[in-house]
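The structure appears right after this line, and notes come after that.
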Amino acid sequence: MYIINLPNRSDRRTKIIALMQTLHFDAFIVPAYTIHSSEVVSRKHLLHNGRITLVELASWASHMQVWSEITFSKSNDSWYLVFEDDIDLETLTTEILQSFPDDLWRKPDLVYLGSCGNIPGSKIYEGAYGYRIHQALNPSCLHAYAIRPQTAAKLLNLLSSPRRAADDEIVLLSNSQKLLVYSIHPPLALQRLTTPSNPSDLHPEKDYRLSRFKAKIDSMIRWWRGVELVDKLKDSALAKANIDKAVEWREKNEHGIWKNANRNTSDCDRCSILREK
């Protein structure tokens, strides 16, 4: 399990750690790249080849480093969960995922636990908890998904020189049948709303009133297109989280880049391991 987090976003890190502790998840926290990271700056020429912005390039690089880790893992048959740091999860996430039959997991390349603007395609399975798996028709956003090493290797190859945001590239790969993508409905994961206290990593100085207005318009468009609109989980795990416990964990275990918020550091500091004792 991997969590992508900017070292300077300790506010988000505290909440995602609290969420992992509540769900008894073990996870690696991977420091996200920024627009100033050498891995991003060295690829600025890609901005002229397509419709990708510098911040989207940083997001692409952050997910690429996780896919690289997964590709070279020793568990070739395993699935890995990848989360961005601004999510909430259902309390029964583990039980719901385990309720899906083994045969189902042998087919797709990716399974989205949450997505944006995704119209549910043909229904693949409906489980005992009332959650359905559909073929995904427009799986935008990469805040919560399951992936296996074979798919990670495929994405490293196919998205080595992106022309669009990584999630938009995956939509195109899905539409062209180069990837088989499933999505869970209703979602097991939701992104937390962007607010002055939870600013966007992509647009930290945005006008929140304008943002809320655009979000309402976007919701209307998605509803018209057939997207299932969900703005609240059935049983939020974050609502049960112990923030003080997460802060205590950070004070005891964080070091290196997590203390000085500098992404450019040695490999040994790039992942912080959460272990719920």
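All of the numbers you see were taken from the coordinates with simple rules; none came from a lab. Quick caveat: nothing in here was measured; it's all calculated off a predicted structure. Glycine gets a Cβ as well: all are built from the backbone with ideal geometry, and neighbour counts include every protein chain shown.
Assorted remarks:
- Pairs where the first residue, in the range 147-170, is in contact (Cβ under 8 Å) with a residue 60 or more places away in the chain and within 18 Å of Asn118 (Cβ to Cβ) and the second is outside any loop (DSSP other than H, G, I, E, B) and charged (D, E, K, R), C-beta under 8 Å, 6+ apart: Arg164/Glu56; Ala165/Glu56; Ala166/Glu56
- Filtered by the rule that a residue be buried (at least 17 other Cβ atoms within 10 Å of the Cβ) and under 19 Å from the mean Cα position of the chain (by Cα), the range 89-104 gives Leu89, Glu90, Thr91, Leu92, Thr93, Ile96, Leu97.
- Unmet requirement for Ser73, which otherwise passes all of (1) surrounded by fewer than 20 Cβ atoms within 10 Å (Cβ to Cβ); (2) more than 22 Å from Asp109 (Cα to Cα): (2)
- Test: residue in the range 31-51 that is in contact (Cβ under 8 Å) with a residue 40 or more places away in the chain, in a helix (DSSP H, G or I) and surrounded by fewer than 20 Cβ atoms within 10 Å (Cβ to Cβ): yes
- Close pairs from the range 108-123: first more than 17 Å from Ile87 (Cα to Cα), partner assigned to a loop (DSSP other than H, G, I, E, B) and among the basic types (Lys, Arg), Cβ under 8 Å, at least 6 apart: Asp109/Arg148
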